[in-house]
Amino acid sequence: MRSDALTKIYDGKTVVDHISFEIPKGKVVSFIGPNGAGKSTVIGMLSRLIARDGGTAEFEGKDVAKWKSGELAKRLAILTQTNNIQMKLTVWELVAFGRFPYSGSHLTERDNQAVRQAIEYMELTDLTDSFIDELSGGQRQRAYIAMVIAQDTEYVLLDEPTNNLDIYHASNMMKIIRRLCDELGKTVILVLHEINYAAFYSDVICAFVDGKIAAFGSVKEVMNPTTLSAIYGVDFEMIEVNGKPLSIYY
Amino acid sequence: MGIIKERKITVILAGTLTLLSVFSLFVGVIDLRGGAAAAGGLGRLDVLLISRLPRLLAILCTGVGMSVAGLIMQQLCMNKFVSPTTGATLSSAQLGILLALLFMPRSTLWSRAAFAFASALTGTWLFIWFIQRIKFKDTVMVPLVGMMFGNVIGGVTSLLAYRYEMTQALSTWLVGHFALVIRGRYEIVYLVLPLIVIAFIFANHFNIVGMGKTFSKNLGVNYGVVLFGGLTIAAAITASIVVVVGSVSYIGLIVPNIVSMFKGDKIRGSLIDAALSGAIFVLVCDLIGRVVIAPYELPIELIIGILGSVLFVAILIRRLSHGRKHISLGRVKASRAIGGIQ
């Protein structure tokens, strides 16, 4: 997946300004940066949710806009933070929608198996017949991830998956994301606000400031006091935990 | 376990509907039971085939159609208070009928239905376009705007009818009733049946679109096309009912709400139950209307209006206290879960 001079303009204001990068396959890639830096817009354009105003976004060598939407749905899944769905669906019914790109409304035995495995993988088996509006925030988030797993795509894009989750559920979510990459071999691209989650759980970090890329590289390359101060405008101190650089700011 | 329980409700509903249907055939001025002689030279079989059976079938189609149309609209708009009544579909269909009467005085039932359909679709689309533009924070605002919009259209209809002295002709379509349903005058309501089959086939599409633009795109479903298609089906169902029996409100609002409380929002799972419940509701209201002042009868819209408004207020209170609490406590609940459950 790569982009070249990707640009988005809202009301005359350039939100994403000629961004070019190539996302390495099979890695967890975190987008970080202050509010309004354009992270979510970039993820939206990469996943054909948002129309772009310039440049290209290519997936497997083909422009995302030229992909058939149904075909792309089998290769790339996107989960945004607007999941305040007030629909009374059971966990099974929600996760089964992940098979829609493959079988439409007629689920085969293979689809059912994929749904069952996804639910099992997210440890929701006991809640299979529960309605999602009766679950806790963390459980609901896991149900959505289970749907993405059932969708069985090589790429998974997540827009602020830890938003609104407390520390316990957020760190669990990050562990799940790590497993999606390590165990299921997926490429995960996510927008994160907590830079230490990005430092601890991802392979590559891409930092945005004012719609431009401020830093792109391995965790070690990006996570240093000088770069972070330039991005966020506050002072940082670094410590090392389990061989990962973590930042302290106040 | 769950599946058996689900089917049980459907079987009970179907059984109740069958019993009520048979019963309703024998309610009327002319006694259809053996022994008593039929009046006016009409055979008992004639009464049954010309009047009673068409009336029953029209009632069933109306109940089934209106509740399915409401179900589709509620799902597509992500709002439990949107229905043909609160989404301006019904009043637009009436305006369409008036326009047909004005411009084509000799219009047939079919051409009136076509006018009603075109008008219902336009009205519903304007409403949807409007609420999507404005993005209301409060779910109650959507049906309120719909009712206001519907009343504006109703006002235009009344004004036009008054100007061209059509008020009396129009009243047939303003207040729903089954008294004039006889053989040869109602068959258009059968259109409801194929439309419901189509709705059932695309039920999952409607569900996915109901979960939002992003959700639909992620699964490769074309949001705009499905939204348009679903609303077209709802408008067509409404139009074919309004042109035969007139306006029948509330069913599309109440029945899907009650069914979803028990069966959830997966349309495939709730469509048949919603259809059966809608038919039962209309049939019961019609029976009440036929029995209370027998041998005369009250228009069904009156009975539905009374029962419906009470039920509507009950649902409104329940949904709002439940829904609001749910939204505001969402985060509190999540954080409490760590201490409590985990």
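Just so you know, all these numbers are worked out from the coordinates, no wet-lab data involved. The shown structure was predicted, so the numbers you read here are calculated from the model rather than taken from an experiment. For neighbour counting, all protein chains shown are included, and Cβ atoms are generated from backbone atoms with ideal geometry for every residue, glycine included.
Data table
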read-out: Percent antiparallel among DSSP beta bridges (both partners in the protein assembly as shown, rounded to 5); value: 60 percent
read-out: Neighbour-count ranking [beta-carbon atoms within 10 angstrom, fewest first] of B:91, B:107; value: B:107, B:91
read-out: Long-range HN-HN contacts of residue A:16 with modeled amide H, under 5 Å; value: A:8
read-out: Fewest-first sequence of A:105, B:321 by Cβ atoms within 10 Å of each Cβ; value: B:321, A:105
read-out: Rounded, prolate or oblate (a/c below 1.5 giving rounded, otherwise prolate when a/b exceeds b/c) for the protein assembly as shown by Cα gyration tensor; value: prolate
read-out: Electrostatic dipole magnitude of the protein assembly as shown [Cβ: Lys, Arg +1; Asp, Glu -1; Cα centre; debye, to 20]; value: 1100 debye
read-out: Hits among aspartates and glutamates - C-alpha to C-alpha of residue A:66 under 20 Å, sequence gap 8 or more where chains match; value: A:4, A:22, A:53, A:58, A:154
read-out: Axial C-alpha extent at least 24 Å, average Kyte-Doolittle at least -0.5 - helices from chain B (DSSP); value: B:2-25, B:53-76, B:109-134, B:141-163, B:223-245, B:267-291, B:300-340
read-out: At most 10 other Cβ within 10 Å, DSSP loop - GluC sites (Glu not before Pro), the stretch A:1-98; value: none
read-out: The stretch B:59-340, Rg to Rh (Cα coordinates; Rh as Kirkwood inverse mean 1/r); value: 0.99
read-out: The stretch B:59-340 - charge dipole about Cα centre, Lys and Arg +1 at Cβ, Asp and Glu -1, debye rounded to 20; value: 1120 debye
read-out: Residue among B:196, B:267, B:315 with the largest mean-square fluctuation in a Gaussian network model of chain B, springs linking Cα atoms under 10 Å; value: B:315
read-out: Cα-based convex hull volume of the stretch A:2-248 per residue, rounded to whole Å³; value: 131 Å³
read-out: Residue order, fewest to most beta carbons within 10 Å, for B:287, B:231; value: B:287, B:231
read-out: Whichever lysines have a C-alpha closer than 28 Å to that of residue B:80, once near sequence neighbours (fewer than 8 apart) are set aside; value: A:88, B:5, B:8, B:135, B:137, B:213, B:217, B:263, B:266, B:325, B:333
read-out: Sparse-neighbour loop sites [GluC sites (Glu not before Pro); the stretch A:153-250; at most 11 other C-beta within 10 Å; DSSP]; value: A:183
read-out: Relative contact order, percent, the stretch B:59-340 [alpha-carbon distance under 8 Å, six or more residues apart]; value: 31 percent
read-out: Selected from B:125, B:164, B:181, residue furthest toward positive end of dipole (the stretch B:116-207; charges at beta carbon); value: B:125
read-out: Percentage relative contact order, the stretch A:2-248, counting C-alpha pairs under 8 Å, at least six apart; value: 26 percent
